[in-house]
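Accompanying notes for the structure given below.
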Amino acid sequence: MSPRQYEMGRRKAAVDETRARIIRATRDLLVDDGVVAVDAIARRADVSRATVYYQFGTKTGLLEALCDDLAARGRIEHIAEAFARPGPRDALAGFVRAMAGFWGADRACIRRLHGLAALDAEVGQVIAARDERRRMGAEVLAQRLAGGTGHRRLGVLIFTLTGFAVFDSLAEDGETADAVPTVLGLLDAAIAGGPVDRRMPPETAGS
């Protein structure tokens, strides 16, 4: 390795360490104080405010990086593995288990993020975008499970039952994985009952 390559590698490692320290500071401040304030994050990470913006561009960029870190720790790649399963019921089970793993990665932080989403527009925007991805995944699963018939409400049900609030409430003081049998049981009951749209009262089926 040439001296130039060594120096470039050393600088990259320093940048990566600074970036990771800022993300950790964001997480800790959020859990401890329930806020995402760039000035406070910079102080906690022992960097300048300009460094935070240099690394992440905007507060939204910082929030996205925090969510990406949560996703990595929650092994979110298991969702793609679930969708690759040939059987729709196996895919659903894999999706539910993957969401349980993701939500369980750092419940204190995720709980704070979801609570703050209603009060902070930038947090709300980031959470809404990620919820939309999950909603689209739920819709795909519903289409596979319902065979194209009555899948719309089944998609809503999958989306709702794989949300953080459901796993957090069912797990209580245990692990989010403990909620998987209950969530799958509820979904299996809905699927066994036939097309979800047809099971709704006439006045609500088209709402």
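Looking at this structure, is Gln143 surrounded by fewer than 20 Cβ atoms within 10 Å (Cβ to Cβ), in contact with a Ser or Thr (Cβ under 7 Å, 6 or more places away or on another chain), part of a helix (DSSP H, G or I) and of a type outside the set (D, E, K, R)? Reasoning before the result, please.
Details: surrounded by fewer than 20 Cβ atoms within 10 Å (Cβ to Cβ): yes; in contact with a Ser or Thr (Cβ under 7 Å, 6 or more places away or on another chain): no; part of a helix (DSSP H, G or I): yes; of a type outside the set (D, E, K, R): yes.
No.
Would you confirm whether any residue within the stretch 87-94 is over 24 Å from Arg27 (Cα atoms), touching a residue at least 12 places away in the same chain (Cβ under 8 Å) and touching a His at 6+ places or on another chain (Cβ under 9 Å)?
Scanning the stretch 87-94 turns up at least one residue that is over 24 Å from Arg27 (Cα atoms), touching a residue at least 12 places away in the same chain (Cβ under 8 Å) and touching a His at 6+ places or on another chain (Cβ under 9 Å).
Filter the stretch 99-134 for residues that are of a type in the set (A, V, I, L, M), surrounded by fewer than 18 Cβ atoms within 10 Å (Cβ to Cβ), more than 13 Å from the chain's Cα centre (by Cα) and part of a helix (DSSP H, G or I) and give the result.
Of everything in the stretch 99-134, those that are of a type in the set (A, V, I, L, M), surrounded by fewer than 18 Cβ atoms within 10 Å (Cβ to Cβ), more than 13 Å from the chain's Cα centre (by Cα) and part of a helix (DSSP H, G or I) turn out to be Ala108, Ala121.
Could you check how many residues of the stretch 65-98 are touching a Gly at 6+ places or on another chain (Cβ under 7 Å), outside any helix (DSSP H, G or I) and not basic (Lys, Arg)?
Number of matching residues: 1.
Here are the criteria: (1) surrounded by fewer than 18 Cβ atoms within 10 Å (Cβ to Cβ); (2) farther than 15 Å from Phe164 by Cβ. Tell me which single one Leu92 does not satisfy.
In the conditions (1) surrounded by fewer than 18 Cβ atoms within 10 Å (Cβ to Cβ); (2) farther than 15 Å from Phe164 by Cβ, Leu92 misses (1) alone.
Please list, ordered by first then second residue, the pairs with beta carbon atoms under 6 Å, 6 or more apart or interchain, first in the stretch 8-27 and more than 17 Å from Ser48 (Cα to Cα), second at pLDDT 90 or above and in a helix (DSSP H, G or I).
Listed by first residue and then by second, the contacts come to Arg27/Cys109.
Pro181: more than 18 Å from the chain's Cα centre (by Cα), at pLDDT 95 or above and of a type outside the set (D, E, K, R), yes or no?
When the stated conditions are applied, Pro181 passes them.
If a residue has to be over 25 Å from His151 (Cβ atoms) and outside any helix (DSSP H, G or I) to count, how many in the stretch 170-193 make the cut? Full working, then the answer.
First, pick out the residues of the stretch 170-193 that are over 25 Å from His151 (Cβ atoms): 171-178.
Going one step further and asking which of them are outside any helix (DSSP H, G or I), we end up with 172-175.
Of the residues in the stretch 170-193, 4 are over 25 Å from His151 (Cβ atoms) and outside any helix (DSSP H, G or I).
Looking at the stretch 129-149 only, could you name the residues that are within 25 Å of Ala190 (Cβ to Cβ) and of a type in the set (A, V, I, L, M, F, W, C)?
Residues of the stretch 129-149 that are within 25 Å of Ala190 (Cβ to Cβ), as a first pass: 130-149.
Result: Met136, Ala138, Val140, Leu141, Ala142, Leu145, Ala146.
Yes or no: the stretch 39-50 includes at least one residue that is outside the structural domain of Glu17 (by TED's automatic domain parsing) and of a type in the set (S, T, N, Q). Steps first, answer last, please.
Step one: of the stretch 39-50, the residues outside the structural domain of Glu17 (by TED's automatic domain parsing) are none.
Within the stretch 39-50 (the criterion being outside the structural domain of Glu17 (by TED's automatic domain parsing) and of a type in the set (S, T, N, Q)), the answer is no, since none of the residues qualifies.
Run Phe167 past the list (1) crowded, with 17+ Cβ neighbours inside 10 Å; (2) modelled with pLDDT of 95 or more; (3) out of contact with any Ser or Thr (no Cβ under 6 Å at 6 or more places or on another chain) and report the number of the one that doesn't hold.
Here Phe167 meets the rest and fails (3).
The values are calculated or read from the model by the stated rules, or taken from the named source; none is laboratory data. Treat the numbers as computed from the prediction; the structure is a model and nothing was measured. Note that we place each Cβ from the backbone using ideal geometry, even for glycine, and neighbour counts take in every protein chain shown.
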